[in-house]
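Report on the structure given below.
The values are calculated or read from the model by the stated rules, or taken from the named source; none is laboratory data. Fair warning: this is a prediction, and the values are worked out from it, not measured in the lab. Glycine gets a Cβ as well: all are built from the backbone with ideal geometry, and neighbour counts include every protein chain shown. These area figures cover heavy atoms from the full protein model, side chains too; ligands, DNA and RNA do not enter into them. Shrake-Rupley method; radii C 1.70, N 1.55, O 1.52, S 1.80 Å.
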Amino acid sequence: MVNVYYDKDSNVSLIKSKKIVIFGYGSQGHAHALNLRDSGFDVAVSLRKGSGGIEKAKAAGLKVFDNNAEAAKTADLAMILIPDEMQKALYDSDLKDNLPKGCALLFGHGFNIHFKRIVARDDMDVLLIAPKGPGHLVRSQYEDGKGVPCLIAVHQDKSGKAKDIGLAYASGIGGGRAGVIETTFKDETETDLFG
C-alpha cells in the first residue's frame, strides 16, 4: 500500500520558527527557497563565493550566505540542492562539523545517501523531499495555488519526528497540495537513475 499525505496531514508549525538553509539556488533551490519564504518560513540560501546565483537570490529578497560553513552553523534544517557530484565535498568540508547538533539534513535526491557517499552524523534526522517536476514547475504551480507531488523518505530518524518535519517542509513548497508519496531512498534513487 502506498501512503500519500496532504496539507491536512502536515503540522507546519513544527518548523515554522526553525531556520532553514537551502544550499544551492539552481532549478530546485530557487523554487524551494521562494516557496518556503512565501509560505512564511524563515529561509536563507547559501552559495559559494562568486556564484552568479548570489545576486539573483538577493534580488528575489532572500537572505544569502556566501560562506557555506557559516551558513551551516545557523541551520535547524539544511536542504542540499546542488548537483549530486558536488554534494559529498560540500558535506565533508562545510557541513559535517558545522551543522548544529540535532539539525535535520534534507536532500532533493537520494543518490549520495543511498550509495553511502555521504554518511551523516548520527545525531541528525536525514530525509528526502523530492518534487516530481522541475523547479520552474514547482514554483509556477505554487504561485497558481497548486502544487507538484513530492516523494518523502526517512533515512535516519534521530528526533522521532523526521517524517513530520518532512511533511511540514513538503507543504511549505506546495507538495502537500498535490500529494506527498512515501518511499525509500533506495527506491527514489534507483527509479530516478533508471527512469
**Asked** Whose amide H sits under 5 Å from the amide H of residue 63, counting only residues 5 or more places off or on another chain, with H placed in the peptide plane?
**Response** 45
**Fill in**
One quarter of the C-alpha convex hull surface, i.e. the mean projected area of the chain in nm², amounts to 10.0
**Asked** With every protein chain present, what accessible area does residue 117 have (1.4 Å probe, heavy atoms only), rounded to the nearest 10 Å²?
**Response** 90
**Asked** Taking a probe of 1.4 angstrom, what is the accessible area of residue 177 in Å², to the nearest 10?
**Response** 90
**Message:** From the phi angles alone, apply the Karplus equation (6.51, -1.76, 1.60; θ = phi - 60°) to the stretch 52-57 and give each ³J(HN,Hα) in whole Hz, x where the residue is Gly or Pro.
**Reply:** x, x, 4, 5, 4, 5
**Complete:** HN-Hα couplings for the stretch 89-95 via Karplus (6.51, -1.76, 1.60; θ = phi - 60°), in whole Hz with x for Gly/Pro, come out as 4, 4, 4, 5, 7, 10, 9
**Item:** Heavy-atom SASA rank of 32, 114 (probe 1.4 Å, accessible area, largest first)
**Value:** 114, 32
**Item:** Antiparallel %, DSSP beta bridges [both residues in the stretch 127-195], to 5
**Value:** 60
**Complete:** Note, residue 47: beta-carbon cut-off 13 Å, +1 each Lys/Arg, -1 each Asp/Glu, net +1
**Message:** For residue 65, what accessible surface area do you get with a 1.4 Å probe? Give it in Å², rounded to 10.
**Reply:** 40
**Item:** Antiparallel bridges, percent of DSSP beta bridges restricted to the chain (to nearest 5)
**Value:** 25
**Cβ crowding within 10 Å averaged over residues, with 90-102, 161-173, 124-136 ranked highest first** = 161-173, 124-136, 90-102
**Asked** Can you tell me the accessible area per residue over the chain, all protein chains present, probe 1.4 angstrom, in square angstrom?
**Response** 46
**Item:** the chain - percent of accessible surface contributed by carbon and sulfur, probe 1.4 Å
**Value:** 51
**Item:** q = 0.11, 0.21 Å⁻¹: log10 I(q)/I(0) that the Debye formula gives for the stretch 97-188, counting C-alpha atoms only
**Value:** -0.31, -0.97
**Difference of contour (0.36 nm per residue) and Cα-Cα distance, residue 184 to residue 88** = 32.6 nm
**Request:** Find how many whole Å separate the alpha carbon centroid of the stretch 121-161 from the alpha carbon centroid of the stretch 1-52.
**Result:** 8
